[in-house]
Amino acid sequence: MSSASRQSPGIFITLEGGEGSGKTTQARRLCAYLTAQGLNVLRTREPGGTLLAERVRTLLLNHSKETVAPETEALLILAARRQHVEHVIKPALAQGKTVVCDRFSDSTMAYQGYGRGLDLRTLRMMNDWATGKLVPHLTLVFDVPVPVGLQRRRGQGTTQNRLDREAERFHKNVRAGFHALAKKEPRRIMVIDASSSLESVEREVRYCITNWLKAYRSPKPHRR
Ligand code: TMP
């Protein structure tokens, strides 16, 4: 695995979670916090983050009369990701910025892999190809029971996108996917209980980030 740390001076943080997990609000608050700590922060999102990738996002999330094959969905997401990595994320990391991205590769594994049932190994291989094996330094998964998340989403009054409307079973598989990914990579992925109030989740995020940054910045013991 090639992590962002070996490729650039910047820090790459991703926020993940199911629908209605509150991660977008937390992303905004986290960026304000990190900026106040003196970091040069870039907030971005997936699918999206460049003009072309935002157009792919619209294609993906809008309802369509034409059924979208899971493979088509994955390929569009990966195409958008390549564009985003190449033109936004990698240059920002090279400049020493802290990139906070609302969703990244773990969403593909969770949604297209565990949710849609695409082969995980193939998906991982294709994702590695699309990202040039760029892996976040830290990933926070905002975890909320599916009925709570979907209820919140409906309560937000925003129009439901194509994926929001999937069956509860699909969202449960996605959630189980995030849990499985966190279990496989416990050093990179932290799961945050996002079922409480925005303020208490924000406190938890700050606590995790502060400790993580301390450990990240502390001099590493010299290895022979
Ligand atoms: P959101 O960013 O507002 O949560 O919406 C993005 C939607 O796109 C969400 O339903 C999850 C989906 N998605 C995937 O299915 N796979 C991916 O790799 C990414 C980044 C997003």
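Over region 18-101, what is the relative contact order in percent, taking alpha-carbon pairs closer than 8 angstrom and at least six residues apart?
Working: 74 pairs, mean separation 33.2, N = 84.
The normalised contact order for region 18-101 reaches 40 percent.
Counting C-alpha atoms alone, how compact is region 39-141: give Rg to one decimal and Dmax as a whole number, in angstrom.
Final numbers for Rg and Dmax: 13.7, 45 Å.
Once you charge only the Cβ atoms, +1 for Lys and Arg and -1 for Asp and Glu, what is the size of the charge dipole of the chain about its Cα centre, to the nearest 20 debye?
So the magnitude is around 700 debye.
Would you mind estimating how fast the chain diffuses translationally, via Stokes-Einstein at 10 °C and 1.306 mPa s with the Kirkwood radius over Cα pairs, in µm²/s?
89
What is the set of long-range amide H partners of residue 135 at a cut-off below 5 Å, with H atoms built 1.01 Å from backbone N?
Placed amide hydrogens put 4 under 5 Å from residue 135.
Quick one: check the C-alpha center-to-center distance for region 175-202 versus region 53-80, whole angstrom.
26
Taking H as built 1.01 Å from N, whose amide H comes closer than 5 Å to the amide H of residue 191, not counting residues under 5 places away?
Correct list: 141.
I'd like to know which of 64, 148, 137 lies farthest towards the positive end of the charge dipole of region 40-179, counting +1 on Cβ of Lys and Arg and -1 on Cβ of Asp and Glu.
In region 40-179, that residue is 148.
Count charges around residue 148 for me, please; just the other residues with Cβ under 15 Å from its Cβ, Lys/Arg as +1, Asp/Glu as -1.
Local net charge: +1.
Please state the relative contact order of region 120-213 as a whole percent: Cα pairs under 8 Å, 6+ residues apart?
Numbers: 53 pairs, mean separation 34.6, N = 94.
Relative contact order here is 37 percent.
Identify all lysines with a Cα-Cα distance to residue 220 below 23 Å; exclude those on the same chain that are fewer than 8 residues away in sequence.
Cα-Cα hits under 23 Å: 97.
In the neighborhood of residue 44, defined by Cβ-to-Cβ distances under 11 Å, what is the net charge if each Lys or Arg adds +1 and each Asp or Glu adds -1?
Local net charge: +1.
Please identify the trypsin sites (Lys or Arg not before Pro) of region 54-86 that satisfy two criteria: DSSP loop assignment and at most 15 other Cβ atoms within 10 Å. Which are they?
Taking region 54-86 and a limit of 15 other Cβ atoms within 10 Å, the loop trypsin sites (Lys or Arg not before Pro) found are 65.
Using alpha-carbon pairs under 8 Å, 6+ residues apart, how would you state the relative contact order of the chain in percent? Provide the component values of the computation, followed by the final result.
On the way: 337 pairs, mean separation 70.2, N = 224.
Reported as a whole number, the value is 31 percent.
Which lysines have a Cα less than 22 Å from the Cα of residue 90, not counting those fewer than 8 places away in the same chain?
Within the straight-line limit of under 22 Å, residue 90 reaches these lysines: 133.
Between residue 162 and residue 198, what is the label-to-label distance in nm when each label sits 7 Å out along the Cα-to-Cβ direction?
In this crude label model, residue 162 to residue 198 measures out at 3.0 nm.
Just to confirm a number: summing +1 for Lys and Arg and -1 for Asp and Glu over residues other than residue 104 whose beta-carbon lies under 15 angstrom from that of residue 104, what do you get?
Residues near residue 104 contribute +4 overall.
Considering only 72, 158, 58, give the residue with the highest GNM mean-square fluctuation for the chain, with springs between Cα atoms whenever their separation is below 10 Å.
Between 72, 158, 58, it is 158 that shows the largest mean-square fluctuation.
Each reported figure results from applying straightforward, stated rules to the coordinates on display, with no laboratory input. Keep in mind that this is a model prediction, so the values were computed, not measured. We place every Cβ from the backbone using ideal geometry, glycine too, and count neighbours over all the protein chains shown.
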